[in-house]
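The values are calculated or read from the model by the stated rules, or taken from the named source; none is laboratory data. Just so it is clear, the structure is predicted and the values come from calculations on it, not from any experiment. No Cβ is skipped: glycine too gets one built from the backbone with ideal geometry, and neighbour counts run over all protein chains shown.
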Amino acid sequence: NLSERLQGIFSGLRGKGRLTEDDINQAMREIRMALLEADVNFKVVKTFIANTKERCLDAEVLESLTPAQNVIKIVLDELTELLGRTDSKLVLGSRIPNVIMLVGLQGSGKTTAAAKLAYRLLQENHQPLLVACDVYRPAAADQLETLGDEIGVRVYRGEGKDPVKIATEGIQDAIDSLRDVVIIDTAGRLHVDEEMMAEAENIKRAVKPDQILMVVDAMTGQDVVNVAAAFAERVDFDGVIMSKMDGDARGGGALSIKQVTGKPIKFISSGEKPDSLEEFHPDRMAKRILGMGDVVSLIESAAKIEAEEMEAEAAERMMRAQLNLNDFLDMNKQIRKMGGVSKLVAALPGGDKAMSQGQVDESALDRMEVIIHSMTLQEREKPDLLNGSRRARIAAGAGVQVSDVNQVIKKFNETKKMMKQFMPADDGRGRKGKKG
Ligand code: GDP
Ligand code: MG
């Protein structure tokens, strides 16, 4: 996959020490191939490589003490740029009820996303109403109603075959039933066609949505971009919900959409459960793609589940890359608590690989915990103290091999190093052209 490919390219660069122009050109060719194979739109790839290459060929980069690291940082930065740079949160306007309309092809995940959005709004103390405007398939309104029942959200389904009428009535229903946000689920078609576009336009004209979100299926690859471009031209929309990110999509759609349509991804959906809708953060996604793990999301999920247990202090130390083994132990506890261990372990560096091989086991977490518990408090706070004899003592205490202890320390050091490299995120951000 893309992550593995890029990591391979980077470790090649790291192995080199000094980098020449040829090395950069070679790496850029490889990155270009990797992106194309991941189904990233070729025009997007072209611009990406051009920008990245220009920055990497800067004398300041090539002659620095750590050229490979600088190259990786530049790639990370350009990837973040590609994905949209800034977080684009769901912002509700002041109009009540606020109206969100969903558009997209049939099967893209609109109805599912409508329910997930409603669920999210519910968590944020809103009173959403779902409106079923897919009048073509009788099962469509049933599906929305079932989902609404599951999460305890009212669904307006109306009668007849006129989606514009149902949408308008839905808004009145929201007013009557004191809902503050209306989510309009519309009908898609298997392909972009005139009827679908006209219908979406008509609903839009009638209800004047505060925002229109387009739902795209991440698994569609290249085609995502064409569909989104067609919608952008006809109906226009404000942002994208990328669904089915849990599938084995190659990532091309997510990487292309912002550049091609100018519309940011706002949410990613990765599952069928109502709570599997995440806000999209370009920087985190870029790190995830580069295999740097998504520690911030990990910390956030941990914090969400048991806010008070995740000490603010520990989180801050992590950010500042002054992580110690106690924090590491804390992270482990959080991972365990979340039940869905595999999902979160996948967010850790190297986690994806372990997962695809089905190797995520809790016993590894157990072992890590026992080992850290066998250390003195001082050792946990200053892992540098852990010399050979201390490691042997810890192994004996924990009833494991010294190599197991080494493994924990190695994993810890990797995490720490990764954070040190990438947490101070403002390095080289603004593209100010060549310096000096
Ligand atoms: P619509 O035709 O655009 O309304 O699409 P639906 O919401 O009905 O979704 C089509 C199918 O995709 C359904 O079987 C959903 O359960 C499934 N689906 C939607 N979103 C996701 C997702 O994020 N992950 C996975 N795995 N399946 C999804
Ligand atoms: Mg639907």
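The table below lists the values:
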{"item": "The lone exception for Leu129 - which of (1) buried (at least 24 other Cβ atoms within 10 Å of the Cβ); (2) in contact (Cβ under 8 Å) with a residue 60 or more places away in the chain; (3) away from ligand 2 (no atom under 16 Å from the Cβ) it fails", "result": "(2)"}
{"item": "Options Thr111, Thr86, Thr168: the member that is hydroxyl-bearing (Ser, Thr, Tyr), within 16 Å of ligand 2 (Cβ to nearest atom) and in contact with a helix residue (DSSP H, G or I) (Cβ under 8 Å, 6 or more places away or on another chain)", "result": "Thr111"}
{"item": "Residues satisfying the stated conditions in segment 102-125, i.e. away from ligand 1 (no atom under 14 Å from the Cβ) and either without any contact (Cβ under 8 Å) to a residue 40 or more places away in the chain or of a type in the set (S, T, N, Q) (or both)", "result": "Leu122, Gln123, Glu124, Asn125"}
{"item": "Gly158 being within 16 Å of ligand 2 (Cβ to nearest atom) and either surrounded by 14 or more Cβ atoms within 10 Å (Cβ to Cβ) or under 29 Å from Glu278 (Cβ atoms) (or both)", "result": "yes"}
{"item": "Qualifying residues in segment 114-126 (those that are more than 9 Å from ligand 2 (Cβ to nearest atom) and small (Gly, Ala, Ser)) - the one farthest from Val182 (Cα to Cα)", "result": "Ala115"}
{"item": "Test: residue in segment 88-97 that is more than 21 Å from Ala230 (Cα to Cα) and crowded, with 21+ Cβ neighbours inside 10 Å", "result": "yes"}
{"item": "Answer residue from segment 202-228, given it is modelled with pLDDT of 95 or more and in a helix (DSSP H, G or I) and is surrounded by the fewest Cβ atoms within 10 Å (Cβ to Cβ) among those", "result": "Arg205"}
{"item": "Residue tally, condition under 23 Å from Leu36 (Cα atoms) and without any contact (Cβ under 8 Å) to a residue 40 or more places away in the chain, over segment 221-243", "result": "8"}
{"item": "Residue list for segment 169-201, restricted to those being among the small types (Gly, Ala, Ser) and away from ligand 1 (no atom under 16 Å from the Cβ)", "result": "Gly170, Ala174, Ser177, Ala198"}
{"item": "Residue within segment 185-197 that is at pLDDT 95 or above and under 23 Å from Lys266 (Cα atoms) present", "result": "yes"}
{"item": "Counted residues, segment 171-197 - those being in a loop (DSSP other than H, G, I, E, B) and within 13 Å of ligand 2 (Cβ to nearest atom)", "result": "4"}
{"item": "Residues that are of a type in the set (Asp, Glu) and in contact (Cβ under 8 Å) with a residue 12 or more places away in the chain, drawn from segment 132-162", "result": "Asp134, Glu145, Glu150, Asp162"}
{"item": "So Ala314, is it at pLDDT below 70, more than 16 Å from ligand 2 (Cβ to nearest atom), assigned to a helix (DSSP H, G or I) and among the aliphatic types (A, V, I, L, M)", "result": "yes"}
